[in-house]
Amino acid sequence: MRIEISTDAAEFRSRTESFLLRDPLRHTVISTSIANQVAGLQAADGGSRFLALYGDGASVTGVAMRVADRDMYLGELPEGGASAVADALAEVAPESAGVEGLAADADIFAKRWSDRFGVGVQPSYTTRLYRLGALRIPDVPGSPRRATESEVELCLEWAEAMRAEAGISPPGLDKATIRNRVAAGLMWFWERDGRPTSFAAHHLPVHGWSRVGLVYTPAQERGHGYASAVTAHIAQVLRADNLNVCLFADTANRTSSKIYQSIGFHPTHEFVHHAFG
């Protein structure tokens, strides 16, 4: 097995696009990370590592990545690929603090990492990937609108609050990235009586899919259906552009899982995150 590591998102995309297209839903995180860097929505960082795995020939057989100083993320991997990726990343990013992937791969990777560095492994959260079926629009007071430049700080505050509540390892999105995504029209509020009550965003479309993310409602505004409403509106906008729609939900958060299924999302894959230390 051969592994090539790239720091250039565009170059990595050119080598792996046909592989990613085999299952664009499964690879939504990797594909959107590449797209964000190529489009300049997320600053390119020399610390990013994109890994392509090869078997005996020239065809890609697996992918993985570590974007900037975030945790490692595993795409589809061949047999033995999780251990091989752990070994490769151990050489170039030994400071990594965690890994996320399908349970079997994440478990193997984490054990290999633990054996190499003598660190503990702690499962921290599990997320479920959903795809949209028949969309159901809830009847909720208020209306949707895109976030504006003047609301970058509020978007940043709510995005960080969502990250912290979900137990996702830092860092979160920085202010420049939030500003770029607001300018691109990717961030939305649900508004009632002149005040924002819920917040959601979506990613650039890649391979016919767009992923909804960063759904957050402040505690004082919960229980009124605002998150359902803004998520459903974004899904409707994306569907109107002939895009498939997906999103992640923390399996420990029964409320969000119930909300998403109530408006038409169906579960597909589960991903486990392990923290090291």
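The values are calculated or read from the model by the stated rules, or taken from the named source; none is laboratory data. As the structure is a prediction and not an experimental result, all values here were calculated from the model. When we count neighbours, we look across all protein chains shown, and the Cβ atoms used for this are built from the backbone with ideal geometry, even at glycine. Surface areas here come from the heavy atoms of the whole protein model, side chains and all, with no ligands, DNA or RNA. Shrake-Rupley method; radii C 1.70, N 1.55, O 1.52, S 1.80 Å.
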For Gln236 and Arg22, FRET efficiency with R0 = 30 Å and r from the beta-carbon atoms, rounded to 0.05? 0.60
Mind ranking Asp139, Asp193 by accessible surface for me, highest first, 1.4 Å probe? Asp139, Asp193
Note, the stretch 187-197: 3J(HN,Hα) by Karplus (6.51, -1.76, 1.60, θ = phi - 60°), whole Hz, Gly/Pro = x, goes 10, 10, 10, 9, 10, 9, 6, x, 10, x, 10
Solvent-accessible area of Trp113 with every protein chain in place, 1.4 Å probe, in Å² to the nearest 10: 0 Å²
Enumerate the whole-percent occupancy of each 10 Å bin, from 0 to the last occupied one, for all C-alpha pair distances of the stretch 59-127. 21, 60, 19, 1
At a Förster radius of 45 Å, what calculated FRET efficiency corresponds to the Cβ-Cβ distance of Glu79 and His224, to the nearest 0.05? 0.40
Per residue, what accessible area does the chain have, given a 1.4 Å probe and all protein chains present, in Å²? 44 Å²
Compute the angle between helix 226-240 and the longest alpha-carbon principal axis of the chain, please, reported from 0 to 90 degrees and rounded to the nearest 10. 70 degrees
Roughly to the nearest percent, how much of the accessible area of the chain is carbon and sulfur, given a 1.4 Å probe? 50 percent
Which three extents, in whole angstrom, do the alpha-carbon atoms of the chain cover along their principal axes, largest first? 59, 37, 34
With the 8 Å Cα cutoff and a minimum separation of six or more residues, the chain has a relative contact order in percent of 23 percent
What does the convex hull of the Cα atoms of the stretch 215-267 come to per residue, in Å³, rounded to a whole number? 77 Å³
Would you work out which of Leu204, Ala68, Ala275 lies farthest towards the positive end of the dipole of the chain? Charges go on Cβ: Lys and Arg +1, Asp and Glu -1. Leu204
Rounded to whole angstrom, the alpha-carbon centroid of the stretch 124-197 lies from that of the stretch 1-28 at a distance of 27 Å
Expressed as a whole-number percentage, the relative contact order of the stretch 128-208 with C-alpha contacts under 8 angstrom and at least six residues apart is 33 percent
What ³J(HN,Hα) values, in whole Hz, does the Karplus curve 6.51 cos²θ - 1.76 cosθ + 1.60 give for the stretch 94-105 when θ = phi - 60°, with x put for Gly and Pro? x, 7, 4, 10, x, 8, 9, x, 4, 3, 4, 5
Quick check on the stretch 1-148: what are the equivalent-ellipsoid semi-axes from the Cα gyration tensor, as sqrt(5λ), descending, whole Å? 29, 19, 17
Computed Kirkwood radius, in angstrom, where 1/r is averaged over Cα pairs of the stretch 78-189: 17.5 Å
Kindly list the residues of the stretch 9-51 that lie in the label zone of Ala183, defined by a backbone N under 14 Å from the point 7 Å along the Cα-to-C-beta vector. 39-44
